[in-house]
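See structure below.
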Amino acid sequence: MKKALIVIDYTYDFVAPDGKLTCGELGQAIDSFIAGKIEEYIQAGELVVFTNDLHIENDPYHPETKLFPPHNIAGTPGRELYGKVKGMQEIYHLASITLDKTRYSSFAGTNLHQLLQERHIHEVSLVGVCTDICVLHTAVDAYNLGYTINVYEQGVASFNTAGHIWALNHFKGTLGANIL
Ligand code: ZN
């Protein structure tokens, strides 16, 4: 086990046509690519981690309450993974790890770093949504923690096309990530 595929926020609310905070068709278009990468990493004996946003409705203490409509609320279908990616998690639930996160970064308030350190994994590959929000913040934390970073260009999407392009440039030019 040398590297980990981090599947970020590929949930119903962020991807489905009627999701609460959806990336729309651009998000749905990367479903098959991500599912293929999950299969590839599992078959290669690498780690796959799903990191899914978790919120409590109208949480007065959470900064996102003022910024976004309610999404990924605990106990709602909006928190479930979407499409083929959901199917892959169901098939490989014993071979992968699923984490709840409450901030943009997959490292914020989770034990992701410990899980990777325990397995001597120093390289992370990022897929999911949104390129310029949760993928970006995860990449910044991975950079600060010293990980080698790969981002699959065909495996990330955003509702904000300008933000998506900016983030890809930032991954490469500022975080030293490999854009694959
Ligand atoms: Zn959120």
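The values are calculated or read from the model by the stated rules, or taken from the named source; none is laboratory data. This is a predicted model, so every value here is computed, not measured. With ideal geometry, Cβ positions are generated from the backbone for all residues, glycine too; neighbour counts draw on all protein chains shown. Protein only, heavy atoms only, side chains kept; ligands, DNA and RNA dropped before computing areas. Shrake-Rupley method; radii C 1.70, N 1.55, O 1.52, S 1.80 Å.
Its DSSP H runs of at least 4 residues, each contributing -39,500 (n - 2.57), put the calculated 222 nm mean residue ellipticity of the chain at -9000 deg cm²/dmol, to the nearest 500.
Would you mind telling me the share, in percent, of accessible area of the chain contributed by carbon and sulfur at probe 1.4 angstrom?
Working: 4610 of 8490 Å².
In the chain, the share of accessible area belonging to carbon and sulfur is 54 percent.
Any idea what the dipole of segment 39-99 comes to, in debye rounded to 20, about its Cα centre with Lys/Arg Cβ at +1 and Asp/Glu Cβ at -1?
Working: 4 positive and 9 negative charges, 24 e Å.
Here segment 39-99 has a charge dipole of around 120 debye.
Keeping every protein chain present and rolling a 1.4 Å probe, give me the accessible area per residue for the chain in Å². Working shown, then result.
Working: 8490 Å² over 180 residues.
Value for the chain: 47 Å² per residue.
Ordering of 80-90, 66-76 by packing is 80-90, 66-76, highest average first (other Cβ atoms within 10 Å, averaged per residue). Ordering 46-57, 132-143 by mean Cβ neighbour count within 10 Å, with the highest value first, yields 132-143, 46-57. Across the chain, the mean sequence separation of Cα contacts (distance under 8 Å, 6 or more residues apart), normalised by length, yields a relative contact order of 27 percent.
Distance from the Cα centre of segment 33-47 to that of segment 64-95, in angstrom? Cα centroid to Cα centroid, the span is 19 Å.
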